[in-house]
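See structure below.
The values are calculated or read from the model by the stated rules, or taken from the named source; none is laboratory data. Nothing here was measured: the structure is a model prediction, and the numbers come from that model. Glycine gets a Cβ as well: all are built from the backbone with ideal geometry, and neighbour counts include every protein chain shown. Please note that ligands, DNA and RNA were not included when accessible areas were found on the heavy atoms of the full protein model with its side chains. Shrake-Rupley method; radii C 1.70, N 1.55, O 1.52, S 1.80 Å.
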Amino acid sequence: MNAAVAAAAAIAGVLTGVIAMLAFRWSERDLKRPTRTSLHTDPVLPPGVDTVLSVLRSSAVVLDEADAVVKASSAAYALGLVRGGKLAVDPMLQMARDTRRDGEIRQVELDLPRRGTGRGEALAVSARVAPLGSRLVLLLVEDLTEARRIEAVRRDFVANVSHELKTPVGALSLLSEAVMDASDDPEAVERFAGRMQIEATRLTNLVQELIDLSRVQNDDPLEDAEPVRADDLVAEAVDRCRHQAGTKQITMAAGGTADLSIWGNRGQLAAALGNLVENAVNYSPARTRVGIAARGVTAPGGDLIEIAVTDQGIGISEKDRERVFERFYRVDPARSRATGGTGLGLAIVKHVAASHGGEVTVWSAEGQGSTFTLRLPEAGAARDRVTTHHMPGLDEEDEQPTDGTTTVTSPFDPLPAPEVLP
């Protein structure tokens, strides 16, 4: 009897243990099974989306149905789109909600305040919202600020070109009418014809400088690069301006260190230095002196060659020094018209210097004259510097006068005595 009771008790204990084990495993399976609640609170990106978002140039933000940020790129944080795990731009948030509701793709352009500046500057962005699966929404934001700035610069450039071309063309039209009306007056015809020739020359110079500016902005100077002797560039610039200087009895003096070579495009370098010398002659009073001197200098990034052009002209005020390298900017528009200036010469110089890995600076004082200095890498070390300083085409930094191109530099650093040319 006792043995039967013991056996029954043992069987009951085994059954209880088996039932407990089955219940435990069943509860574990229930815990691991996804529920509606877990799907709602722990969204997962579809396969491959995370990789795609990481290589996009646009700022990317993924939102769940509660408007919480599931994924955001570093660019989105940098633009200030995401703060505290939430989308911080209300118009974009409303777009996301509307897209989640009806599934339609939406796009809008917005101006956002720039973070941390306190100057009221705005970022121009294009935002595009699209559904991502059944529960998520994808927001892509493209920064359009630089593109808009470039477009504004291009519009200004076209407007300036149109204005500059209109002036000589209009003058030629009026003068041609005057010639026709004065056909019976030989003296008047001769006078008007002379004026027409002046305006035609101005128009030709303007078109040529526009072509030169376009060429230096778009061409790579390395394609036709070669060692160019600084002495040859100086001699060519002096020859180019010898007639103008002789007319005003201006003494041309050239000198400096011999046997210096620059690695670059000979035509562009000659045009840049020629523009500097021509400006010096045009803006100098009669019976003064223009000096051109070259020397080698040592710099942390490699040896440089400095070519300085100094005049005794009217000088440039401090406010004008900040803008002289802008396209079509003239310190004295009336005087520029009289000398045939187009306002493009120094812009060309700036682009040539930058594309060759160098810079152009100006020192000036009103009533004392000006010194423009070209600093270009010496031929032996130029290849590395051109690669690191190469300027892209129409990059519009002409409109940024505070980029260092007008650094005040004294012209009174010791240079070898120049040789006065006949």
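Of all residues in segment 48-90, those satisfying the criterion of being assigned to a loop (DSSP other than H, G, I, E, B) and either surrounded by 13 or more Cβ atoms within 10 Å (Cβ to Cβ) or charged (D, E, K, R) (or both) are Arg57, Ser58, Asp64, Glu65, Asp67, Ser73, Leu79, Gly80, Leu81, Ala88, Val89. For Thr257, the conditions (1) open to solvent by less than 60 Å² (accessible area, probe 1.4 Å); (2) at pLDDT 80 or above are fulfilled apart from (2).
Within segment 96-110, is there a residue that is more than 25 Å from Glu326 (Cβ to Cβ) and in contact (Cβ under 8 Å) with a residue 40 or more places away in the chain? Yes, that holds for at least one residue. Residues that are within 12 Å of Leu110 (Cβ to Cβ), at pLDDT 85 or above and open to solvent by 30 Å² or more (accessible area, probe 1.4 Å) within segment 121-144 comprise Arg128, Glu142, Asp143, Leu144, listed in sequence order. Inspection of segment 295-304 identifies at least one residue that is over 26 Å from Gln208 (Cβ atoms), at pLDDT 85 or above, basic (Lys, Arg) and open to solvent by less than 50 Å² (accessible area, probe 1.4 Å). Which of the residues belonging to segment 91-115 are out of contact with any helix residue (DSSP H, G or I) (no Cβ under 7 Å at 6 or more places or on another chain), crowded, with 16+ Cβ neighbours inside 10 Å and not hydrophobic (A, V, I, L, M, F, W, C)? Listed by number, the residues that qualify are Thr99, Arg100.
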